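So that we are looking at the same thing, I have put the structure below in C-alpha cells.
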Amino acid sequence: MSIPVILLHGFGCDSRFWRPQTAALTAAGCAVFAPDLPYHGGPQEGVQRSLQGLAAYVAALPDEGPAVLIGHSLGGMIALQVAHDHPQRVAALALVDAFPSLELNCAYLPGMCVDGMEPELRGWIEKTRAEIIGRMTQAVYDEIWPSVVGFDARPWLSDLHRPVLGVYGGRGRYAVGDEDALRRDLRLTDVAGPVRVRIVPGAGHFVNLEQPQAVNEALVEWMGGR
C-alpha cells in the first residue's frame, strides 16, 4: 500500500483531527499526507475562497501519481469535487461522514454530536473548531460557507468511476446491517465505481475521533482490498 493518501479535514478543523488515522494508515504502509487546508492553518493567499477553490488547491498538491483522497465532512466534499474535476488525480476516495450534499446530511444524518459522547473529546472539538474559525476573517467565512451549502454532487455521481468507501456514525438512526439503506439514502448507489458503506453505531459526525479504531480498521481493510 505505497500509494499516496491525502487526508482532508472538515470545515473549521485541521490536520490534528486526523491523528488516529494518520498513525494507523502510516503503520499499514501508506504514504500519508494530512495538510492544513487553506484558511484553516494552510495558505492564506492565492486560493479561491470556495469549496471549488479548495478542491483546485488539493488537485495541485505535488505527489507521484493519483492519490487516495480520504475526506471528513467538508474534506469529503472536496474529495468528490477533485474526483469530478481532476479524475486523473484520484485513485479512490473515502467519505468519512461526508455527503454529496448538505441536504442529504440534514435529511438522513443530522447533528454533530450524540448523547454519551466523551465530554473531554467534545470539549476539545468545540474549543479547537472555535479557535480555527475565529482565526478566519469574516470575509473568508462569508465566501467559503455559501459554496459548502450550495455544493451538490448528485447530478454527476454517475460519472464517478473510482472506488468509494463511506464511513458514517449511525447517530442512533442506522445500525450495522443498514448499510444498503444508507447507501441508497445518500445516493451513493448512483456512483459508477464500486461503493462500500460502513456504519459505526452510536457515533456522530466526528466518528473518526469518537470511534477511531473502527474507522481505522475500515480504512485499512478497504485500502488493502481495492
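Every number in this text was worked out from the coordinates using simple rules, so none of it is lab data. It should be emphasised that the depicted structure is a prediction, and the values quoted were computed from it without experimental measurement. Note that we place each Cβ from the backbone using ideal geometry, even for glycine, and neighbour counts take in every protein chain shown.
Points 7 angstrom from Cα along the Cβ direction at ASP142 and GLN213: gap in nanometres?
4.8 nm
For HIS86 and ALA28, FRET efficiency with R0 = 41 Å and r from the beta-carbon atoms, rounded to 0.05?
That gives a FRET efficiency of 0.95.
Go through region 20-108 and name the GluC sites (Glu not before Pro) that are in a DSSP coil and have 13 or fewer other Cβ atoms within 10 Å of their Cβ.
For GluC sites (Glu not before Pro) across region 20-108 that sit outside H, G, I, E and B with at most 13 neighbouring Cβ atoms in 10 Å, the list reads GLU45, GLU64.
Could you give the dipole magnitude of the chain about its Cα centre, charging the beta-carbon of Lys and Arg +1 and that of Asp and Glu -1, in debye to the nearest 20?
Magnitude of the dipole: close to 180 debye.
While we're looking at this one, here's another question. Which residue, GLN211, GLN44, GLN138, has the most motion in a Gaussian network model of the chain that connects Cα atoms within less than 10 Å?
Most flexible of the set in this elastic network: GLN138.
Of THR22, SER2, ASN216, which is farthest on the positive side of the dipole of the chain, counting Cα position, with +1 on Lys and Arg Cβ, -1 on Asp and Glu Cβ, and the Cα centre as origin?
SER2
Another one. Which of ARG196, ARG16, ARG162 moves the most in a Gaussian network model of the chain with Cα springs under 10 Å?
ARG16
Do the sum for the chain: with -39,500 (n - 2.57) for every DSSP H run of n ≥ 4, divided by all residues, what is the mean residue ellipticity at 222 nm, to the nearest 500 deg cm²/dmol?
Taken over the chain, the calculation gives -12000 deg cm²/dmol.
Figure the gain on full extension for VAL149 and TRP124 (residue separation times 0.36 nm, minus the Cα-Cα span) and round it to one decimal in nm.
Separation in residues times 0.36 nm, less the Cα-Cα distance, equals 6.5 nm.
Need one number: convex hull volume per residue for the chain, Cα atoms only, in Å³.
109 Å³
Convert each backbone phi in region 21-33 into a coupling constant with the Karplus relation 6.51 cos²θ - 1.76 cosθ + 1.60 (shift: θ = phi - 60°), then list the ³J(HN,Hα) values in order as whole Hz, x for Gly and Pro.
Here the 3J(HN,Hα) series is 6, 4, 5, 5, 6, 5, 5, 7, x, 7, 8, 9, 10 Hz.
Same structure, new question: Under a point spin-label approximation (7 Å from Cα along Cα-to-Cβ), what is the GLN48-GLU221 distance to one decimal in nm?
Computed distance between label sites GLN48 and GLU221 equals 3.9 nm.
Another one. What is the order of PHE33, PHE151, PHE206, fewest Cβ neighbours within 10 Å to most?
Fewest-to-most ranking of PHE33, PHE151, PHE206: PHE33, PHE151, PHE206.
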